[in-house]
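So the structure is just underneath, and the comments pick up after that.
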Amino acid sequence: MSLKMQAAVVEAFGKPLVLREWNVPTPGVGQILVKTEACGVCHTDLHAARGDWPAKPTPPFIPGHEGIGRVVAVGSGVKAVKEGDRVGVPWLYSACGHCEHCLSAWETVCGEAQFGGYTKDGGFAEYILADPNYVARIPAGLSAIDAAPIICAGVTTYKGIKEAATKPGDWIAISGVGGLGHLAIQYAKAMGLYVCAVDIDDAKLAHAKLMGADAAVNAKTDEAVDAVKKATGGGAHGVLITAPSLAAFKQGVGMTRKRGTCVLTGLPPGEFPFPLFDVVLNCITVRGSLVGTRQDMAEALAFAAEGKVKADIELQPLSAINAVLDRLQRGDVAARVVLEFADS
């Protein structure tokens with residue numbers, strides 16, 4: 001008889017997840033089994049459960065791409081990890097390893113990439129099957145709960161800052177001070193940047209200042225772009241847009257200094273309102289950034305292990321997942337929710 005586990009399953013798009021028994025997977029050749037200790041909840045999980053994106057997962061499936069736990073079984077041929085190691089099973093579940101993107105350390109855009117909690121069952125379950133070559137290695141001293149948001153929100157914002165091509169002493173504008181943005185501020189400060197926080201919520205902007213932001217601008221005002229330019233002395237050298245808002249995307253380009261870089265990580269529905277005239281005349285670079293590579297992951301976790309970056313976390317049990325997703329839909333989650341498993 002197969003061993004059973006509890007899992008939160010998408011059985012139909014747009015419907016509540018179903019808490020049900022699921023077979024504990026058995027690792028095959030080149031696979032590992034991870035016993036989940038904690039799993040973060042991301043807005044992407046909401047998109048997955050609703051089937052929002054053109055390339056949809058196939059129900060039934062288990063969402064969750066911030067799962068952290070201990071390796072409890074390894075398949076034959078596994079050498080990269082061993083039983084007892086603490087690892088994370090992130091969005092980038094696996095890649096081909098041999099295409100031009102993988103060979104140039106850009107495995108995140110591999111055409112054969114698989115994604116945790118999307119094309120592969122993820123961390124809203126007591127056990128996760130994983131590829132040992134793509135799991136995150138959790139540093140000693142970093143708890144499963146604290147690590148969970150880092151392997152998605154953390155690495156996404158850290159990579160986005162790197163893609164902004166800024167250097168210590170430059171200004172970066174962080175648009176959206178939520179689950180991603182509050183981590184982005186911390187990474188940017190640790191990397192020696194001046195930070196201008198941008199949001200439509202004054203309470204979040206006040207929190208951004210407490211986290212070290214050097215300036216704060218409310219994006220609701222008509223003068224928001226001018227306010228950022230004034231605060232940064234002509235516009236930010238880099239702009240990181242984490243807010244899933246078309247208005248934020250349009251503002252972000254306007255906030256970018258001449259010859260600066262505007263990095264897009266949020267994924268709002270609709271077409272990008274691209275101000276082509278301004279981009280060309282000001283020689284602005286507009287760049288998409290998708291999570292991060294395995295090396296980016298190691299670096300992002302190192303900042304957290306050294307205490308330089310820490311997510312604001314609300315703990316919830318797996319049984320509360322539908323309420324959490326409903327709150328995400330309403331914008332009623334201040335930072336990051338992490339599901340804590342009872343026997344972790």
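Looking only at the range 84-119, which residues are within 18 Å of the chain's Cα centre (by Cα), more than 30 Å from LEU318 (Cα to Cα) and surrounded by fewer than 18 Cβ atoms within 10 Å (Cβ to Cβ)?
Correct list: TRP106, VAL109.
Restrict the check to the range 202-213 and report whether at least one residue is surrounded by fewer than 18 Cβ atoms within 10 Å (Cβ to Cβ), among the acidic types (Asp, Glu) and in a loop (DSSP other than H, G, I, E, B).
No.
Out of (1) farther than 24 Å from LYS167 by Cβ; (2) over 24 Å from the mean Cα position of the chain (by Cα); (3) of a type in the set (Lys, Arg); (4) part of a helix (DSSP H, G or I), what's the single condition that is false for LYS230?
(1)
Restricting the search to the range 114-129, which residues are hydrophobic (A, V, I, L, M, F, W, C) and more than 20 Å from VAL78 (Cβ to Cβ)?
Within the range 114-129, PHE115, PHE124, ALA125 meet the criteria.
Of all residues in the range 1-31, how many are touching a residue at least 12 places away in the same chain (Cβ under 8 Å), outside any strand (DSSP E or B) and of a type in the set (A, V, I, L, M)?
5
Pairs needed: first member in the range 160-182, on the phi < 0 side of the Ramachandran plot and in contact (Cβ under 8 Å) with a residue 24 or more places away in the chain; second member anywhere, in a loop (DSSP other than H, G, I, E, B) and of a type in the set (S, T, N, Q); C-beta distance under 6 Å; at least 6 residues apart or different chains.
GLY160/THR265; GLY160/SER289; GLU163/SER289; ILE172/THR166; LEU180/THR242; GLY181/THR242
Is there a residue being surrounded by 13 or more Cβ atoms within 10 Å (Cβ to Cβ), out of contact with any helix residue (DSSP H, G or I) (no Cβ under 7 Å at 6 or more places or on another chain), acidic (Asp, Glu) and under 30 Å from ILE145 (Cβ atoms) anywhere in the range 304-312?
Checked the range 304-312: no residue is surrounded by 13 or more Cβ atoms within 10 Å (Cβ to Cβ), out of contact with any helix residue (DSSP H, G or I) (no Cβ under 7 Å at 6 or more places or on another chain), acidic (Asp, Glu) and under 30 Å from ILE145 (Cβ atoms).
Among the residues of the range 260-300, how many are surrounded by 15 or more Cβ atoms within 10 Å (Cβ to Cβ), farther than 25 Å from VAL89 by Cα and among the small types (Gly, Ala, Ser)?
Number of matching residues: 1.
Got a number for residues in the range 120-153 being in a loop (DSSP other than H, G, I, E, B) and within 17 Å of the chain's Cα centre (by Cα)?
Final tally of qualifying residues: 6.
Does VAL225 meet the test of being at pLDDT 95 or above, of a type in the set (A, V, I, L, M) and in a strand (DSSP E or B)? Please lay out each step first, then the result.
Details: at pLDDT 95 or above: yes; of a type in the set (A, V, I, L, M): yes; in a strand (DSSP E or B): no.
No.
Suppose we filter the range 144-153 for residues that are among the hydrophobic types (A, V, I, L, M, F, W, C) and either touching a Cys at 6+ places or on another chain (Cβ under 9 Å) or surrounded by fewer than 24 Cβ atoms within 10 Å (Cβ to Cβ) (or both); how many remain?
Result for the range 144-153: 5.
Of all residues in the range 235-261, count the ones that are closer than 19 Å to LYS162 by Cβ, not hydrophobic (A, V, I, L, M, F, W, C) and not in a loop (DSSP other than H, G, I, E, B).
Adding up the residues that qualify gives 8.
Go through the range 154-201 residue by residue and tally those that are in a helix (DSSP H, G or I), small (Gly, Ala, Ser) and surrounded by fewer than 24 Cβ atoms within 10 Å (Cβ to Cβ).
Qualifying residue count for the region: 1.
Of the residues HIS47, HIS65, which single one is under 23 Å from THR293 (Cα atoms), at pLDDT below 95 and surrounded by 15 or more Cβ atoms within 10 Å (Cβ to Cβ)?
It is HIS47.
Has the range 103-124 got any residue that is of a type in the set (A, V, I, L, M), at pLDDT 95 or above and out of contact with any helix residue (DSSP H, G or I) (no Cβ under 9 Å at 6 or more places or on another chain)?
Yes, there is a match, as at least one residue in the range 103-124 is of a type in the set (A, V, I, L, M), at pLDDT 95 or above and out of contact with any helix residue (DSSP H, G or I) (no Cβ under 9 Å at 6 or more places or on another chain).
With respect to ARG257, is the statement that it is surrounded by 20 or more Cβ atoms within 10 Å (Cβ to Cβ), touching a residue at least 60 places away in the same chain (Cβ under 8 Å) and outside the structural domain of ALA203 (by TED's automatic domain parsing) true?
Here the answer is no, as ARG257 does not meet what is asked.
The values are calculated or read from the model by the stated rules, or taken from the named source; none is laboratory data. Computed from a prediction, not measured in an experiment: that's the story for all the values here. Don't worry about glycine lacking a Cβ; one is built from the backbone with ideal geometry, like all the others, and counts go over all protein chains shown.
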